[in-house]
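The values are calculated or read from the model by the stated rules, or taken from the named source; none is laboratory data. Not measured: the values here are computed from a predicted model. Please note: Cβ atoms are built from the backbone with ideal geometry, for glycine as well, and neighbour counts cover all protein chains shown. Just so you know, the surface numbers come from the protein's heavy atoms only, side chains and all, with ligands and any DNA or RNA stripped out. Shrake-Rupley method; radii C 1.70, N 1.55, O 1.52, S 1.80 Å.
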Amino acid sequence: MNATTVTTDTVDLADPATFADHDLTEFWRTLRDTSPVRWNPPTRQRRGFWVLSRHADIMAVHRDDENFTSERGNVLVTLLEGGDAGAGKMLAVTDGPRHEQLRKILLRALGPRVLKPVADAVRANTRQLVREAVARGDCDFALEIASRIPMTTISNLLGVPESDRDFLLTQTKTALSADDDAIDEEESAMARNEILLYFQDLVEERRTAPGEDLISTLAQSTVDGAPLSDEDVVLNCYSLIIGGDETSRLTMIDSVYSLAAHPEQWRRLKDGDCGIDTAVDEVLRWASPSMHFGRTAVRDTEIEGVRIAKNEIVTLWHSSANRDERVFDQPDVFDLGRTPNRQIAFGYGPHFCVGSYLARIEISELLMALRDFTVGFERTGEAPRVRSNLLNGFHSLPVRFHPDRAGLARDDNLSGAK
Ligand code: HEM
């Protein structure tokens, strides 16, 4: 668990160890109060970058696609490397009119109307996984439940065959966050490449034999009157897998971790004293699974009176914004009934998460399944953290579930009645 407290002078936010080994609560509070636009100095290996910690400043940069671009990367890894190979092709790292058109295609494919059958499948899958785990009693929630919800959902959307899903899950975990200290950047790069190659094959297949899936939709779509190239389709599939799996999975794991640690909040959920939608917003705020995003200044500009030079990197720390006392009453209290809740886990402005509707379905189905099938649960061992400067959360979470026999029986009756 996060243990040591750090001082503002010693923290390097590019270093994954900073997050794995330290409690940054005080650090972020100090930054918000005294240095809301802070310079993270360069090291011998990499350049320096700006760090924004206040909710209002982060929203302002998210909104401002005149002064800031996503096309030179939108997370530290790519920003520090000097760019993203998907620039101008992959939604998250494309700006301007092309971004707008591509976004429309994806929003249509990920909107409420189209997602109805997907939502039904998420519900059935989540309820079955939770029921099975409750029947077993003990499980690793991260591996046995959370790993099997978002990846199954996105794979269904993209039409990824069942037999390939474990392969993709392993590659995704290696590509983004290191669950294992032994995984280095070279291995992560190889995993990213494996995912791209995998989708290249699938795109070729769908061009010859289109189906109802999202890959076929993308393969038949046009932007500016020209069909999307194979590379465009592959990069966007990659981004959906990467963007849609880890973040939702880590939020689910964090929900169970936090509910086990806050029994009084669990009781409110169980007793129906707070709405599911309100609870979903709070677990998103609390988990803040993607800690930062980032932009590059395209011209000299200013934030809070601090001069930002053209080409400098500005990082936006959602994990801090979501605890900003200027916006949230008692931000360090986990409160499932919190309203209003202006959490920005999904970002804001032109790049606001296109998968937010789907992610909300996944998280709410999990909370409802827990509420219906268990009277409570507790952590039975250590929950190791992912080692990353981007993602926040746990890659393993041993828990023991106590069955709600009446709730299980009610669900049996309902299923029987259908
Ligand atoms: C964008 C967070 C789930 C696909 C974003 C952004 C954030 C975010 C903060 C904005 C990035 C930026 O401003 O540069 C999350 C969280 C999720 C989640 C916290 C779950 C709890 C999903 C899912 C999908 C997805 C399920 C896909 C099905 C995307 C894509 C973008 C995006 C494609 C780029 C949008 C654009 O640039 O216009 N997400 N996301 N995300 N997300 Fe999500």
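Descriptive notes on the structure:
- Cα centroid of the range 222-258 to Cα centroid of the range 84-160, whole Å: 8
- Cβ-based net charge around Leu107, under 13 Å, with every Lys or Arg adding one and every Asp or Glu removing one: +3
- Temperature 4 °C, viscosity 1.567 mPa s: under these conditions the Stokes-Einstein estimate for the chain, based on its Kirkwood radius over C-alpha pairs, is 58 µm² per second.
- If the segment from Glu378 to Thr18 were pulled out straight at 0.36 nm per residue, it would be longer than the present Cα-Cα gap by 126.8 nm.
- Within the chain, the longest run free of exposed loop sites, counting GluC sites (Glu not before Pro) that sit outside DSSP helix and strand states (H, G, I, E, B) and have at most 16 other Cβ atoms within 10 Å, spans 67-211.
- Dividing the summed helix terms, -39500 (n - 2.57) for each DSSP H run of n ≥ 4, by the number of residues in the chain produces a 222 nm estimate of -15500 deg cm²/dmol to the nearest 500.
- Counting only protein heavy atoms and a probe of 1.4 Å, the accessible surface of the chain is 50% carbon and sulfur.
- Extension gain, Arg47 to Ser163: 0.36 nm times the residue separation minus the Cα-Cα distance gives 37.5 nm.
- Calculated accessible area for the chain comes out at 43 Å² per residue, all protein chains present (probe 1.4 Å; ligands, DNA, RNA ignored).
- Where labels lie 7 Å past Cα in the beta-carbon direction, separation of Ser396 and Glu264 in nm: 3.3
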